[in-house]
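Before any comments, here is the structure.
The values are calculated or read from the model by the stated rules, or taken from the named source; none is laboratory data. None of these values were measured; they are calculated from a predicted model. Cβ: placed from backbone, ideal geometry, glycine included. Neighbour counts: every protein chain shown. Keep in mind that these areas ignore ligands, DNA and RNA; they rest on the heavy atoms of the full protein, side chains included. Shrake-Rupley method; radii C 1.70, N 1.55, O 1.52, S 1.80 Å.
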Amino acid sequence: MEIPSKYIPNQVENRWYEYWMQNGYFHSEPDNREPFTIVIPPPNVTGVLHMGHMLNNTLQDVLTRRARLMGKNACWVPGTDHASIATEAKVVARLKEQGINKSEITRDDFLKHAWEWKNEYGGVILEQLKKLGCSCDWERTAFTMDDNMSKSVIKVFIDLFNKGLIYRGYRMVNWDPEAQTTLSDEEVIYEEKQGLLYYIAYQIEGSDEKVIIATTRPETILGDTAICINPNDERFQHLKGKNVIVPICNRVIPIIEDEYVDVEFGTGCLKVTPAHDINDKALGEKHNLETIDIFNADASLNSFGLHYEGQDRFVVRKAISKELEENGNLVKTENYINKVGTSERTKAVIEPRLSDQWFLKMDDLVKPAINGVLDSDDIQFFPKKFENMYRHWMTNVRDWNISRQLWWGQRIPAYFYGDGQEEFVVAENLDSALKLAKEKSDNPSLTIENLRQDEDVVDTWFSSWLWPITVFNGILEPENDDINYYYPTSDLVTAPDIIFFWVARMIISGYEYRGERPFKNVYFTGIVRDKQRRKMSKSLGNSPDALKLIEDYGADGVRVGLLLSSAAGNDLMFDEDLCQQGKNFSNKIWNGFRLVKGWEVADIPQPESAKLGIQWFNSKFQQTLAEIEDHFSKFRISDALMATYKLVWDDYSSWLLEIVKPAYQQPIDKVTYNAVIEILEHNLKLLHPFMPFLTEEIWQHIAERTKNEALIISEWPKVAGIDVQLINDFDFAAEVISGIRNIRKEKSIPMKEALEVSVLNEEKQSAGWDPVICKLTNTAAVTYVKEAVDGALSFRVKSNEYFIPMEGAIDVEAEIQKIKEELKYTKGFLQSVQKKLSNERFVNNAPESVVAIEKKKAADAEAKIETLEKSLASIS
């Protein structure tokens, strides 16, 4: 097979991905091997590939491919999340384009449209992951609304309800007025926003006196049902038992007393709006206050908003403050920075709202999950610092609001059978519900027509928290072969921003439904940011097109570029130059391969330099392999890549190939050639998890392979003996080689001119590496001497001093003149630095770091002068 002169990724990647797929290398079935299992964090079915996906899935693929090479039965399960809020928004928008409002069609018709949208667009991101080289078991692709997945969710809901852990309650919830659904506490993001604090005067009934309250939300005065004062506040003793009149709506409300009021905050008088603030609701219940909800579901004002009915809350805020000012009720405003809750999904400002919702009790459920991570180390977090975040959430957990006012998702299996929503049963289907309802109501005449299923669906996370179990059908068939073999899974790779949404809840469900952890290790990636440290987003326009990057730099180049700067748990400052670095690395490996394959091979004796070079590299390989294994064990994937990168770029390409390379137009001996090919194959195995396409291409060019000999299923190298002395001896020889090369460069001595090198061997170094030194520096011989050589240039490596005679090599007179000029300049420079350091004012007033820099300049200049004077003496 002819080897192309250049590596062109887009001519290679599709071919090898199809080859891997056709031969079923990604697919896994239970067998007698050790399983290695990863479940993908399912991207939203609405999603397209972005930089976060690229990083996360590259890491998963690295771990999976390495496990496959290690002989494990690697199973990486892909899939997508139905993403209730995001998908429903997409479908609603599409219907609007067709002139259809969601409110005008039935639930069944809407779901038909939703499934059509999912079938059309839902697989886009998975196809894009293939371009990245992800070796997922595509035959196991799952979707959180697949039939068995949905049945599993319903079964778990019923089970938890029957255990008394799921309950229905009238609670104040986080309401997203854009998506028009509730959100859990974890889906609310608090942001500091600049606003105003409005000071509003309320008339005391039957008096000219007024009380002043301070609020950030003047529109909510229309829902006020009391003013509260602290009974111990001396300023307001005379107001006890009185009423005030709410401005604009003229509602008469009582002044109540409660020590909850902070006398130091605001004016000391608190407006109480039970329908729109969690703390006000508690006060309202305690003092039996009326609850007046002034908002519609979209956060526009309802009939309690009077002449503002139908207007958006923020529009009303401006208008009502103007009306209050005109009426003389607005005393003043002040700038105020407030923490405002926003929807993690739609970014809308959250509205506290009273509503009947379904909740999951968490107090007891979290206990095994706390123990599994924090007490027993059953589950390991990488980096460990995220345990503190986990601890804080798990020990302060609140009941989980699991109902959502949407149609796309698993519908809550609750059936109402009375006139209202007080009487209900929870069941798998209508028939089961009817049977339970008859028993519960003691009414055998009930029919299916008397049952009404709850309109809400469960939170999307209530399906994905079961993901490691349900992808193997472990809820419906808890003893099937797949779940017993693949569960618990091995590693989870995810971002820390969903540690509460998903990671913690999967751990909870794993202990609840399997009695064991869902995974052994959790590797938290960093967040991909731009060079200005901003999080990448469409709105900022700073997120590059992932597929365009692959097109420009190749999948392997992008993978390397991402991983080289991605330490676990630390944010990644993405720079496209990193992808260019990855592409350059690909070209370096390819060109090195072409160099080796271009050599003529002959049955001739092996040079001593080549033999020594191969022995050294094999030990260096083993040393690096041990280092790589250590990095992988600690999930330092970036460090593992960097160690591999240095091994291949520095040790293999820059050193070994130079050591063994035959002279121009001369053949290489067969023993060395075969050893180099074997070394290259070992290198490819280490590189394959990071650069799958390039490595498979080279592997298949090296020799004709059967499908059972593909690189993807070859064998990961095993750590063997390391000759540390051999490595140390090479490192010493490398410094000697660099010293000789530097003199050649500095003195412009052509490489074709052979040098004579003498050495004072104070280090008692073996002469074994002399053949390599001679070959790589074109040195005729290395002579061991007892004393310094006069008239020679010299350099040191540790205690050894090396001499290169000047005669014939350089123009001595010109070199003397050059050294004298450099010596004169350096002495002048030292004098100027010393003058600055002798200035007490400078030394006493300049920053310590600046003074330290000047002192280092002086020391460096003194050392250089000493070296120049020695050189001058040796050649004069």
Take the stretch 352-385 and flag every residue that is more than 26 Å from Trp175 (Cβ to Cβ) and open to solvent by less than 20 Å² (accessible area, probe 1.4 Å). Ala369, Gly372, Val373, Ile379, Phe381
What is the residue count in the stretch 125-161 for residues that are surrounded by fewer than 16 Cβ atoms within 10 Å (Cβ to Cβ) and in contact (Cβ under 8 Å) with a residue 40 or more places away in the chain? 2
Residue among Glu746, Glu756, Glu735, Glu787 that alone is under 15 Å from Met806 (Cβ atoms), of a type outside the set (A, V, I, L, M, F, W, C) and modelled with pLDDT of 90 or more: Glu756
Would you check which residues across the stretch 527-554 are of a type in the set (Ser, Thr, Tyr), within 28 Å of Phe693 (Cβ to Cβ) and assigned to a loop (DSSP other than H, G, I, E, B) and list them? Ser543
Of all residues in the stretch 843-876 being of a type in the set (Asp, Glu) and without any contact (Cβ under 8 Å) to a residue 24 or more places away in the chain, which is most open to solvent (accessible area, probe 1.4 Å)? Glu848
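Which strands (runs of 3 or more DSSP E) does the stretch 122-213 wholly contain that include 2 or more residues that are touching a Lys or Arg at 6+ places or on another chain (Cβ under 7 Å) and of a type in the set (A, V, I, L, M)?
Values: elements: 166-176, 181-183, 188-204.
Qualifying strands (runs of 3 or more DSSP E): 166-176, 188-204.
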Mind telling me which of the residues Met21, Met70 ends up being touching a helix residue (DSSP H, G or I) at 6+ places or on another chain (Cβ under 9 Å) and at pLDDT 95 or above? Met21
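Going residue by residue through the stretch 94-114, is there one that turns out to be touching a Ser or Thr at 6+ places or on another chain (Cβ under 9 Å), assigned to a helix (DSSP H, G or I) and crowded, with 22+ Cβ neighbours inside 10 Å?
Within the stretch 94-114, the subset touching a Ser or Thr at 6+ places or on another chain (Cβ under 9 Å) is 114.
The next check asks that each one be assigned to a helix (DSSP H, G or I); those that pass are 114.
Those still in the list that are crowded, with 22+ Cβ neighbours inside 10 Å too: 114.
Taking every residue of the stretch 94-114 in turn, at least one turns out to be touching a Ser or Thr at 6+ places or on another chain (Cβ under 9 Å), assigned to a helix (DSSP H, G or I) and crowded, with 22+ Cβ neighbours inside 10 Å.
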Those residues of the stretch 246-271 that are more than 47 Å from the chain's Cα centre (by Cα) and assigned to a strand (DSSP E or B) come to a total of 6
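Considering only residues that are acidic (Asp, Glu), closer than 18 Å to Glu697 by Cβ and either surrounded by fewer than 14 Cβ atoms within 10 Å (Cβ to Cβ) or touching a Cys at 6+ places or on another chain (Cβ under 7 Å) (or both), which ones fall in the stretch 1-58? So that I can check it myself, show each step before the final result.
Step one: of the stretch 1-58, the residues acidic (Asp, Glu) are 2, 13, 18, 29, 31, 34.
Now drop any that are not closer than 18 Å to Glu697 by Cβ, which leaves 2, 13, 18.
Within the stretch 1-58, Glu2, Glu18 qualify.
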Applying the selection to the stretch 459-475, what residues are in contact with a Ser or Thr (Cβ under 8 Å, 6 or more places away or on another chain) and within 24 Å of Arg404 (Cα to Cα)? Asp459, Thr460, Trp461, Ser463, Ser464, Trp465, Leu466, Trp467, Pro468, Ile469, Thr470, Ile475
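If I go through the stretch 394-434 residue by residue, how many of them are in contact (Cβ under 8 Å) with a residue 40 or more places away in the chain, over 40 Å from the mean Cα position of the chain (by Cα) and either surrounded by 22 or more Cβ atoms within 10 Å (Cβ to Cβ) or not in a loop (DSSP other than H, G, I, E, B) (or both)? Show your work before the answer.
Initially, the stretch 394-434 is screened for residues in contact (Cβ under 8 Å) with a residue 40 or more places away in the chain, giving 394, 398-414, 421, 424, 426-428.
Next, only the ones that are over 40 Å from the mean Cα position of the chain (by Cα) stay: 421, 424.
If we keep only those that are either surrounded by 22 or more Cβ atoms within 10 Å (Cβ to Cβ) or not in a loop (DSSP other than H, G, I, E, B) (or both) too, we end up with 424.
Of the residues in that region, 1 qualify.
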Quick one: is Thr706 without any contact (Cβ under 8 Å) to a residue 40 or more places away in the chain and either more than 28 Å from Leu55 (Cα to Cα) or open to solvent by less than 20 Å² (accessible area, probe 1.4 Å) (or both)? yes
Just to be sure I understand, how many residues within the stretch 275-305 are over 15 Å from Trp175 (Cα atoms) and either among the hydrophobic types (A, V, I, L, M, F, W, C) or in a loop (DSSP other than H, G, I, E, B) (or both)? 10
What residue, among those in the stretch 363-385 that are outside any helix (DSSP H, G or I) and without any contact (Cβ under 8 Å) to a residue 60 or more places away in the chain, is nearest to the chain's Cα centre (by Cα)? Lys384
Just to be sure, is Ala780 closer than 20 Å to Ala610 by Cβ and loosely packed, with under 13 Cβ neighbours inside 10 Å? yes
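Just to be sure, is Ile589 buried (at least 20 other Cβ atoms within 10 Å of the Cβ), without any contact (Cβ under 8 Å) to a residue 60 or more places away in the chain, out of contact with any Phe, Trp or Tyr (no Cβ under 6 Å at 6 or more places or on another chain) and at negative phi?
Numbers: buried (at least 20 other Cβ atoms within 10 Å of the Cβ): yes; without any contact (Cβ under 8 Å) to a residue 60 or more places away in the chain: no; out of contact with any Phe, Trp or Tyr (no Cβ under 6 Å at 6 or more places or on another chain): yes; at negative phi: yes.
When the stated conditions are applied, Ile589 does not pass them.
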Return the residues of the stretch 715-726 that are surrounded by 16 or more Cβ atoms within 10 Å (Cβ to Cβ) and either over 41 Å from the mean Cα position of the chain (by Cα) or assigned to a helix (DSSP H, G or I) (or both); say none if nothing qualifies. Leu726
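Within the stretch 743-758, count every residue that is within 22 Å of Ala663 (Cα to Cα) and either part of a strand (DSSP E or B) or open to solvent by 20 Å² or more (accessible area, probe 1.4 Å) (or both). Steps first, please.
Of all residues in the stretch 743-758, those within 22 Å of Ala663 (Cα to Cα) come to 744-745, 749-757.
Of the ones still in play, those that are also either part of a strand (DSSP E or B) or open to solvent by 20 Å² or more (accessible area, probe 1.4 Å) (or both) are 745, 750-757.
Total meeting the criteria: 9.
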Any idea which residue in the stretch 627-643 is farthest from Asn521 (Cα to Cα), counting only those that are outside any helix (DSSP H, G or I) and open to solvent by 60 Å² or more (accessible area, probe 1.4 Å)? Arg636
Across the stretch 574-589, what is the number of residues that are touching a helix residue (DSSP H, G or I) at 6+ places or on another chain (Cβ under 7 Å) and in a helix (DSSP H, G or I)? 10
For Asp293, which of the numbered conditions (1) closer than 16 Å to Ile200 by Cβ; (2) more than 41 Å from the chain's Cα centre (by Cα); (3) open to solvent by 10 Å² or more (accessible area, probe 1.4 Å) fails to hold? (1)
Please go through the stretch 525-552 and give me each residue that is under 21 Å from Asp61 (Cα atoms) and open to solvent by 100 Å² or more (accessible area, probe 1.4 Å), ordered by number. Glu551
Going residue by residue through the stretch 811-827, is there one that turns out to be at negative phi and part of a loop (DSSP other than H, G, I, E, B)? yes
Within the stretch 26-43, does at least one residue satisfy the condition of being among the aliphatic types (A, V, I, L, M), in a loop (DSSP other than H, G, I, E, B) and more than 18 Å from Lys583 (Cα to Cα)? yes
Check Val596, Val676 and return the single one that is part of a helix (DSSP H, G or I) and buried (at least 22 other Cβ atoms within 10 Å of the Cβ). Val676
When you check Glu735 against the structure, is it open to solvent by 60 Å² or more (accessible area, probe 1.4 Å) and touching a Lys or Arg at 6+ places or on another chain (Cβ under 9 Å), yes or no? yes
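Return the residues of the stretch 759-777 that are over 50 Å from the mean Cα position of the chain (by Cα), surrounded by 15 or more Cβ atoms within 10 Å (Cβ to Cβ) and closer than 26 Å to Gln615 by Cα; say none if nothing qualifies. Even if it seems obvious, please write down each step before you answer.
Filtering the stretch 759-777 for residues over 50 Å from the mean Cα position of the chain (by Cα) gives 759-762, 764, 767.
This time we only want the ones that are surrounded by 15 or more Cβ atoms within 10 Å (Cβ to Cβ), so: 759-761.
Answer for the stretch 759-777, where residues must be over 50 Å from the mean Cα position of the chain (by Cα), surrounded by 15 or more Cβ atoms within 10 Å (Cβ to Cβ) and closer than 26 Å to Gln615 by Cα: Val759, Asn761.
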